[in-house]
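Asks: Sending over a structure as structure tokens; questions will come in a sec.
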Amino acid sequence: MKVCVVGTGYVGLVTGACLAYAGHQVVCVDNNAAKVALMQAGQSPIYEPGLTDIMQAAMQAGALQFTTDLAAGVTHGEVLFIAVGTPPLPTGESDTRYVEAVARGIGQHLTTGYKVIVNKSTVPIGSGDWVRRIVLDAIAERSEPVTAQFDVVSNPEFLREGSAVYDSFNPDRIVLGGSSQKALDRMQALYAPIINRCFAENSDLPPVPVVTTDLSSAETIKYAANAFLATKISFINEIANICDRVGADVTQVAQGIGLDSRIGSKFLQAGIGWGGSCFPKDVAALVHTADDYGYEAELLKAAVSTNSRQRILAVEKLQQVLGILKGKTIGLLGLTFKPDTDDMRDTPALDLIAQLNRLGAKVKAYDPMYLEDSHGFHTVPDQVILTSTPEQLAENCDAIVLVTDWQQFQELDYANLAQQMNLAILIDGRNYLNPETIAEAGFYYVGIGRPAAGNPLAAMRSLRQQVPA
Ligand code: NAD
């Protein structure tokens, strides 16, 4: 099938590349000429495991092209995906201006035939009908007759950054919302190779469930899914904060409750809060929609406020151990909101950097994705000094905060890192490391909702040795 994907970010590029790899003829459109040039050269502008390989394979097979020319994409596609960003406005609403621009552009360039326009972006509930209206208005403004017909389908995306390619070929479900059977049938045909697990890790599993709904239910499913997951994390973080006060260990509590099949063990890792480009904005948008319709979403608001506090909990823990932070040097181990991505949008590291700077601390960071001042299309705030190795990070630090659970942080030589530091203090913001191992390496280990490990006085010894007698 001929497919056009507008917007080649984490969702659009992965969707376009996977559909091309699965045998469709895909044209990806982006209005960022620098990104398009990079992709035309076979390079991905984002870091996503496995993406470059499938992109290059699909390009070599002649199934995947990149352009800035929306008209060419619209003419090509029988299915037109809108996959542009919907970032948050200060009010919590989604900024839908990019979706609007693409919908108008589609209306300006439709000519003949029948097209299915697909909202893949996470859009406010009701956007399916809104997109239809914008396309119709753009068609009406044209002087020439337009014979093209179209339907709008909502097809929310559930991929996780860091395993987006895997998720695209192995989805838990595909959600299709719309009222036109013709459009829904076309979408089923488009996804047939994925539904039938032709590219799945385990092709023997039954077909991927397809949930077919009306437009606004599909749009709501996306928000409800993210709001549930965010709330589940806020829940375990709240339990962790109680554990901290009563001396319990939240990792054991999570194991104990997670084995209950009604609860499940996923998204029960306590830490320094949720972030990234989706949870914060999607929960805020759902709260805003509820407000718009006269309902106060108290549970979701509580999940958000628990998270805001949690995102700077590491600062509180640093204060408890170090006292005054002014003049101290704090190293952040990791910057991204989770491992295996370069996405810096709304990562808790940003709150930590801002707060530590405000309190007069110097902030250094090591992240395998950000060894230089800027990387790709994301930038790191000026107030943080980037280092190229964990050892450089540790040098003269008064404490390290593990922000991101990158796999390689399990294997660091912590005894060596402790030697480089003024004070060997480690705040494990993801409960990712083994407290005893880290304590044996010479650190005073502080986790989230679990007992500390190690000897704080020993961890301070190196500083005392520097003080003249
Ligand atoms: P992104 O910011 O990474 O990418 C958006 C792309 O759209 C950019 O490359 C930008 O240049 C391009 N663009 C903007 N306006 C354009 C226009 N008028 N014409 C052509 N291209 C244009 O965004 P993303 O993270 O891929 O998210 C896209 C949507 O998918 C959002 O609504 C998001 O909420 C949703 N979503 C994201 C994820 C995720 O993990 N990132 C997961 C599920 C759903």
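Asks: In region 1-10, how many residues are part of a strand (DSSP E or B), within 12 Å of the ligand (Cβ to nearest atom) and closer than 25 Å to Glu201 by Cβ? Steps first, please.
Replies: Here is the first cut: in region 1-10, the ones part of a strand (DSSP E or B) are 2-6.
Subset that is within 12 Å of the ligand (Cβ to nearest atom): 4-6.
Okay, now just the ones that are also closer than 25 Å to Glu201 by Cβ, so 5.
The number of residues fulfilling the criteria is 1.
Asks: Same structure again: Tell me yes or no: at least one residue of region 130-141 is under 18 Å from Ala83 (Cα atoms), touching a Cys at 6+ places or on another chain (Cβ under 7 Å) and within 16 Å of the ligand (Cβ to nearest atom).
Replies: Within region 130-141, none of the residues are under 18 Å from Ala83 (Cα atoms), touching a Cys at 6+ places or on another chain (Cβ under 7 Å) and within 16 Å of the ligand (Cβ to nearest atom).
Asks: Right, next: Of everything in region 208-229, what is surrounded by 12 or more Cβ atoms within 10 Å (Cβ to Cβ) and not hydrophobic (A, V, I, L, M, F, W, C)? Give them in sequence order.
Replies: Hits for region 208-229 are Thr212, Thr213, Asp214, Ser216, Ser217, Glu219, Thr220, Lys222, Tyr223, Asn226.
Asks: In the list Leu19, Leu13, which residue meets the criterion of being within 11 Å of the ligand (Cβ to nearest atom), under 17 Å from Phe169 (Cα atoms) and either within 22 Å of the chain's Cα centre (by Cα) or in a helix (DSSP H, G or I) (or both)?
Replies: Criteria check complete, one pass: Leu13.
Asks: Check Asp382, Asp367, Asp351 and return the single one that is crowded, with 24+ Cβ neighbours inside 10 Å, of a type in the set (Asp, Glu) and either without any contact (Cβ under 8 Å) to a residue 40 or more places away in the chain or under 30 Å from Gly85 (Cβ atoms) (or both).
Replies: Of Asp382, Asp367, Asp351, the one residue that is crowded, with 24+ Cβ neighbours inside 10 Å, of a type in the set (Asp, Glu) and either without any contact (Cβ under 8 Å) to a residue 40 or more places away in the chain or under 30 Å from Gly85 (Cβ atoms) (or both) is Asp367.
Asks: In region 68-82, is there at least one residue being hydrophobic (A, V, I, L, M, F, W, C), more than 15 Å from the ligand (Cβ to nearest atom) and without any contact (Cβ under 8 Å) to a residue 12 or more places away in the chain? Break it down into steps so the answer makes sense when it comes.
Replies: Here is the first cut: in region 68-82, the residues hydrophobic (A, V, I, L, M, F, W, C) are 70-72, 74, 79-82.
Within this subset, residues satisfying the condition of being more than 15 Å from the ligand (Cβ to nearest atom) are 79.
If we keep only those that are without any contact (Cβ under 8 Å) to a residue 12 or more places away in the chain as well, we get none.
There is no residue in region 68-82 that is hydrophobic (A, V, I, L, M, F, W, C), more than 15 Å from the ligand (Cβ to nearest atom) and without any contact (Cβ under 8 Å) to a residue 12 or more places away in the chain.
Asks: When you scan region 41-53, do you find a residue that is more than 15 Å from Gly73 (Cα to Cα), within 10 Å of the ligand (Cβ to nearest atom) and not hydrophobic (A, V, I, L, M, F, W, C), even just one?
Replies: yes
Asks: Being surrounded by fewer than 19 Cβ atoms within 10 Å (Cβ to Cβ) and in contact with a helix residue (DSSP H, G or I) (Cβ under 7 Å, 6 or more places away or on another chain) is the filter here, so list the residues in region 64-74 that pass it.
Replies: Start the filter on region 64-74 by keeping residues that are surrounded by fewer than 19 Cβ atoms within 10 Å (Cβ to Cβ), which leaves 67-69, 71-72.
Thr67, Thr68, Ala71, listed by residue number.
Each value in this text was obtained by applying a stated rule to the coordinates, not by laboratory testing. Owing to the predicted nature of the structure, the values given are computational and were not obtained by experimental measurement. When we count neighbours, we look across all protein chains shown, and the Cβ atoms used for this are built from the backbone with ideal geometry, even at glycine.
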